1. Rounded if a/c is under 1.5, else prolate if a/b is larger than b/c, else oblate: which is the stretch 85-154, with a ≥ b ≥ c the root eigenvalues of its Cα gyration tensor?
2. With both bridge residues required to lie in the stretch 93-216, what share of the DSSP beta bridges run antiparallel, to the nearest 5%?
3. Quick one: how many Å² of ASP4 are accessible to a 1.4 Å probe, rounded to 10?
4. Given +1 on the Cβ of Lys and Arg, -1 on the Cβ of Asp and Glu, and no further charges, what dipole in debye does the chain carry about its Cα centre, rounded to the nearest 20?
5. Once you order the gyration tensor axes a ≥ b ≥ c over the Cα atoms, which shape class does the stretch 42-116 get: rounded for a/c under 1.5, otherwise prolate or oblate by comparing a/b with b/c?
6. Accessible area per residue, 1.4 Å probe, Å², for the stretch 10-49: what's the number?
7. Which of the pairs LYS14/LYS191; LYS22/LYS113; LYS84/LYS113 have their Cα atoms more than 28 Å apart in this structure?
8. Would you kindly calculate the translational diffusion coefficient of the chain, applying Stokes-Einstein with the Kirkwood radius from alpha carbon pairs, for 20 °C and a viscosity of 1.002 mPa s, and quote it in µm² s⁻¹ without decimals?
Amino acid sequence: MMLDSFKHKGLRKKLIEKLSSKGISDNNVLDAINKVPRHLFIDNAFIHFAYEDKAFPIGEGQTISQPYTVAFQTQLLDIKPYEKVLEIGTGSGYQAAVLSLLDADVFTIERQKKLYNKTKEFLPKIGYRCEFIFGDGYKGLPNFAPFDKIIVTCGAPKIPEELLTQLKVGGRMVVPIGDGKNQKMHLIKKKSSQDYDISTHGNFLFVPMLDDKNSL
Ligand code: SAH
């Protein structure tokens, strides 16, 4: 059993107040973030900052997203219980934990082997259930498609076409699109097999979504 304490609970409550003052209004999302012990997802060196609204290194040159970013993407996804959700970029597993607390059926893909191994062990240990897949997020998971919702937690240079085909009609994909320095959050609603509603929702900074040409 891992440690959560009154101190951590208090810090999380402050974080929730901050997120709501920044415009996160979905109470289900705020409640989920209020429950996940973010300090357990972070390198020991940064543990005292776990509940600040900041991104942190998680090893292998990757980062755990800022809580505001997690809240914002999750709010845009508008998760309903039992929905099948695909996440690209498992990383620390923090976003996946938040999604699973919203009663989503979570499939999460990571291309970095060490992170994949680490998070696949760690999340079940602290009580979260997801399907972990080692692979390339650009390809999605054709065998488990279609998905109600797809969330990309790395910056894609353009809309990953293959993922669109794996989205249900009526489903949503939330994906940051841009170059290495800046991405615009895109919300894509699938209206029919050919029609999409695309809107943008502000600037964010993610580590890049890498493809096969980049080394693992
Ligand atoms: N959701 C994570 C954020 C991790 S950062 C969290 O809550 O901690 C983004 C992650 O995307 C990194 O771990 C990186 O290795 C991964 N990634 C980058 N390109 C990818 C790809 N093509 N397929 C799968 N994962 C990818």
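1. Details: a/c = 1.77, a/b = 1.12, b/c = 1.57.
Verdict is oblate for the stretch 85-154.
2. Details: 15 of 25 bridges.
Within the stretch 93-216, antiparallel bridges account for around 60 percent of the total.
3. 60 Å²
4. 420 debye
5. Because a/c hits 1.5 or more and a/b fails to exceed b/c, the stretch 42-116 counts as oblate.
6. Working: 2230 Å² over 40 residues.
Accessible area per residue: 56 Å².
7. LYS14/LYS191; LYS22/LYS113
8. 124 µm²/s
The values are calculated or read from the model by the stated rules, or taken from the named source; none is laboratory data. Fair warning: this is a prediction, and the values are worked out from it, not measured in the lab. Virtual Cβ from ideal backbone geometry, glycine too; neighbours counted across all protein chains shown. Heavy atoms of the whole protein, side chains included, go into the accessibility calculation; ligands, DNA and RNA do not. Shrake-Rupley method; radii C 1.70, N 1.55, O 1.52, S 1.80 Å.
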